[in-house]
Amino acid sequence: MNTRRFGLIALPYAWLVLFFLSPLVIVIKISVANEAVAIPPYTPLFEGGRLHVTDANYLLLLSDSLYWKAYWGAIRYAAIATILTLLIGYPLAYGIARTPVRWRNLLLMAIILPFWTSFLIRVYAWIGLLKENGIVNHALLSVGLIDTPLRLIDNDFSVLLGLVYAYLPFMVLPLYAQLEKLDPALNEAAADLGARPLHIFWQVTLPLSLPGIAAGILLVFIPAVGEFVIPDLLGGPKTLMIGKILWDEFFTNHDWPTASALAIAMLVLLALPMGLMRRLLRGIA
Amino acid sequence: MQIERLTKRFEPDAQPAVNNVSLAIDRQEFFALLGPSGCGKTTLLRLIAGFETADTGVIAIDGADMAGVPPYRRPVNIMFQNYALFPHMNVARNVGFGLRQERKPRGAVDARVVALLELVKMRALAARRPGQLSGGERQRVALARALAKEPKLLLLDEPLTALDRKLREEMRFELKHIHQRVGITFLMVTHDQEEAMSMASRLAVMNEGRIEQEGSPEHVYENPANRFVAGFLGAVNLFEGKVAGAEAGLLIVDSEAGRLAVAHSPLAAGTAVAVAIRPEKLRFMTARDTTTPNVLPGIVRTIAYRGEASTCQIELASGQLVRGTMSNGDGKAPVFLPGAALSLSFTPDAARLLQS
Ligand SMILES: Nc1ncnc2c1ncn2[C@@H]1O[C@H](COP(=O)(O)OP(=O)(O)OP(=O)(O)O)[C@@H](O)[C@H]1O
Ligand SMILES: [Mg+2]
């Protein structure tokens with residue numbers, strides 16, 4: 001590696017190390033402290049020249065099944081949402097990649113457009129749409145399709161809807177980038193050799209878009225697992241997602257040490273499915 | 001294969017990419033479509049393969065009308081201009097792709113793939129991906145893949161253009177050899193006149209979507225129907241002029257290069273014509289020799305040595321530049337250097353008269 005390239009890479013890496021690793025170290029430090037009535041609300045690492053470390057917070061996580069349920073809940077919601085975004089996003093991306101060039105940028109803009117409004121406001125807008133006397137129920141009632149309001153919010157449906165809505169662009173964009181690169185002549189070659197449209201999709205288009213699928217899955221699944229705004233605002237009391245529990249520990253219970261231990265445990269536990277999935281995706285791609 | 005009055009326009013008011021084309025190709029023929037870039041060759045092939053639909057006209061293969069038949073059901077395979085090999089499959093799987101669509105038993109597919117790879121001399125590289133092959137190797141794989149289903153008609157879109165010169169010349173012979181061995185009808189598209197003439201048993205010259213002339217390479221080369229064909233298929237010298245009359249069975253033309261005699265049936269005096277003469281049919285003589293008809297005095301301007309022959313540019317008295325070919329055969333023929341004065345001559349039956 002020559003020095004110029006080293007310099008180019010070293011600077012952003014130094015930035016990342018500083019602002020990614022140092023908070024991580026702080027969180028680890030808090031996770032081995034005890035709760036305390038103080039500001040900040042935990043015991044210091046060094047007290048009277050002695051190292052003060054406890055594993056009580058981690059043991060608490062193991063003893064209370066709530067945390068396990070929330071962990072699996074998050075993985076389950078994220079996995080279902082990832083599959084749904086893939087099923088919705090693939091045809092969308094394919095369609096965009098196959099429209100004439102002059103329309104494509106417009107369609108891509110439409111995908112990215114929601115980012116121009118704050119994420120929080122958009123989720124609140126969903127509450128307005130879905131609540132019992134919200135716009136959707138109102139419309140359905142007035143048309144006469146239903147005669148009692150539907151329960152559209154504070155359940156699995158609304159959480160998944162929110163996740164799919166929020167993360168769809170992260171699936172569509174890498175898929176589009178991949179599908180747009182595909183040479184249409186390959187489809188013609190396959191048709192010429194006797195493959196019907198559906199077979200062309202299975203044998204040519206899908207295998208060649210696997211890298212895009214892999215990128216989309218990672219981009220949706222990872223942040224969806226840690227999501228806390230959507231389960232908090234759109235989910236009900238039974239919605240257990242680890243991100244929401246973490247939020248509650250920090251800001252409702254002010255139990256910083258437990259929340260930190262939870263954050264670290266989540267990081268470690270998430271590395272596991274991520275590593276597995278990456279290996280799997282690399283295998284097929 | 002039979003094509004009748006085929007027309008295709010991409011935009012309603014644009015000039016047609018394929019314009020009223022009729023063509024008949026016999027079984028096992030090696031037919032070449034020759035034309036400049038953008039004349040509609042690829043479009044014509046895509047119409048035959050079924051990727052485009054014609055506005056008007058009929059395509060029939062073995063008597064069966066192809067209208068409305070999707071590409072995957074046509075007894076035609078195409079070798080694409082850029083090969084379009086599947087990048088995620090190795091060579092063997094690429095070649096076997098068409099056979100797998102027919103759900104043939106695996107053993108039969110494998111055996112056929114091996115035979116095809118042998119035919120194109122690619123058996124050793126069967127496990128490679130297209131990205132790991134050279135241009136020439138890819139071209140062989142594309143050919144094997146297109147031959148695999150034994151189509152009634154194989155369409156080849158500029159099959160050799162992407163190769164370097166030496167490989168291209170080798171592959172010409174090989175492709176011809178493969179054509180003889182497999183007994184499939186080949187329709188090849190090219191803009192290289194040498195390629196078309198050396199490989200095809202019959203060819204058609206295309207221009208702006210239309211077929212200008214059709215026939216054996218010798219026939220079209222020796223008897224071009226018009227200025228475009230004469231100029232596109234090989235080099236030609238044209239002398240514009242008017243018919244002056246007839247004399248001793250020869251037509252006399254008053255041209256910019258003087259009075260020329262051409263063997264041709266009588267035409268009305270005053271008809272505008274061009275006398276066309278191929279460079280290799282011009283004889284080089286020392287300036288004093290004036291005993292033969294059609295003598296054009298001039299001065300050698302440039303000589304391009306090409307090995308087996310030299311191409312010369314000669315400036316005539318009228319100022320027109322003429323191209324001639326000087327054989328480098330046995331060293332006995334007179335050798336001219338730039339600046340030398342000489343006379344060019346040709347026999348009346350070596351020249352052709354073009355009216356359009
Ligand atoms: N899909 C298309 N839409 C609009 N015009 C097209 C399309 N395909 C081809 N054309 C036009 O039709 C004409 C013929 O194109 P074609 O590709 O058949 O030429 P070609 O003879 O194969 O040329 P080349 O030797 O460069 O491959 C060109 O003027 C081209 O611009
Ligand atoms: Mg072409």
>> How shielded is A:174-186 by partner chains, expressed as the average number of their Cβ atoms within 10 Å of its Cβ atoms?
In response: 2
> Which shape class applies to chain A: rounded if a/c is under 1.5, otherwise prolate when a/b exceeds b/c and oblate if not, where a ≥ b ≥ c are the square roots of the Cα gyration tensor eigenvalues?
Replying inline: oblate
> Which whole number gives the average count of other chain Cβ atoms within 10 Å of the Cβ atoms across peptide A:193-205?
Replying inline: 5
> Which of the aspartates and glutamates could a cross-linker bridge to A:Lys244, judged by Cα under 19 Å and excluding same-chain residues fewer than eight apart?
Replying inline: A:Asp64, A:Asp154, A:Asp156, A:Glu227, A:Asp232, A:Asp255
> What is the packing order of peptides A:122-129, A:35-42, taking the mean over residues of other C-beta atoms within 10 Å and listing the highest first?
Replying inline: A:122-129, A:35-42
> For segment B:249-323 and segment A:14-72, what is the separation of their C-alpha centers, rounded to whole Å?
Replying inline: 99 Å
>> For segment A:56-165, I need the span (max minus min coordinate) of the C-alpha atoms along each principal axis, in Å, sorted largest to smallest.
In response: 61, 40, 25
> What value, in deg cm²/dmol to 500, does the helix sum -39500 (n - 2.57) over DSSP H runs of n ≥ 4 give at 222 nm once divided by the residues of chain A?
Replying inline: -22500 deg cm²/dmol
>> I want to verify the translational diffusion coefficient of the protein assembly as shown in µm²/s; compute it with Stokes-Einstein, Rh as the Kirkwood radius over Cα pairs, at 37 °C and 0.692 mPa s.
In response: 103 µm²/s
> Counting only other chains, what is the mean number of Cβ atoms within 10 angstrom of the Cβ of each residue in peptide B:146-157?
Replying inline: 1
> List the trypsin sites (Lys or Arg not before Pro) in segment A:230-285 that DSSP assigns to loop (not H, G, I, E or B) and whose Cβ has at most 14 other Cβ atoms within 10 Å. Which are they?
Replying inline: A:Lys238
> Looking at segment B:1-102, which GluC sites (Glu not before Pro) are in a loop (DSSP not H, G, I, E or B) and have at most 13 other Cβ atoms within 10 Å?
Replying inline: B:Glu102
> What is the local net charge at B:Val275, summed over the other residues whose Cβ is closer than 14 Å to its Cβ (Lys, Arg +1; Asp, Glu -1)?
Replying inline: +2
>> Quick check on packing: order B:262-268, B:280-286 by the mean number of other C-beta atoms within 10 Å, highest mean leading.
In response: B:280-286, B:262-268
> Within straight cross-link reach of B:Lys149, meaning Cα distance under 23 Å, which lysines are found once same-chain residues fewer than 8 apart are removed?
Replying inline: B:Lys104, B:Lys121, B:Lys176
> How about segment B:16-46: which trypsin sites (Lys or Arg not before Pro) there are in a DSSP loop, with at most 15 other Cβ atoms within 10 Å of their Cβ?
Replying inline: B:Arg27
>> Net charge around B:Lys104, counting only other residues with Cβ within less than 11 Å of its Cβ (Lys, Arg = +1; Asp, Glu = -1)?
In response: +3
> Along its principal axes, what span do the Cα atoms of segment B:2-230 show, with the longest given first and each in whole Å?
Replying inline: 51, 40, 30
> Once the other residues with Cβ under 10 Å from the Cβ of A:Ala189 are scored (Lys, Arg +1; Asp, Glu -1), what is the net sum?
Replying inline: -2
>> If every alpha-carbon in segment B:235-354 counts as one equal scatterer, what log10 I(q)/I(0) does Debye give at q = 0.18 1/Å?
In response: -0.89
> Of all DSSP beta bridges in chain B, what percent run antiparallel (nearest 5)?
Replying inline: 75 percent
>> Placing one identical point scatterer on every Cα of segment B:2-89 and ignoring solvent, what is log10 I(q)/I(0) from the Debye formula at q = 0.15, 0.20, 0.26 Å⁻¹?
In response: -0.61, -1.05, -1.55
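None of the figures in this text is laboratory data; all of them are computed from the coordinates on show. Nothing here was measured: the structure is a model prediction, and the numbers come from that model. Please note: Cβ atoms are built from the backbone with ideal geometry, for glycine as well, and neighbour counts cover all protein chains shown.
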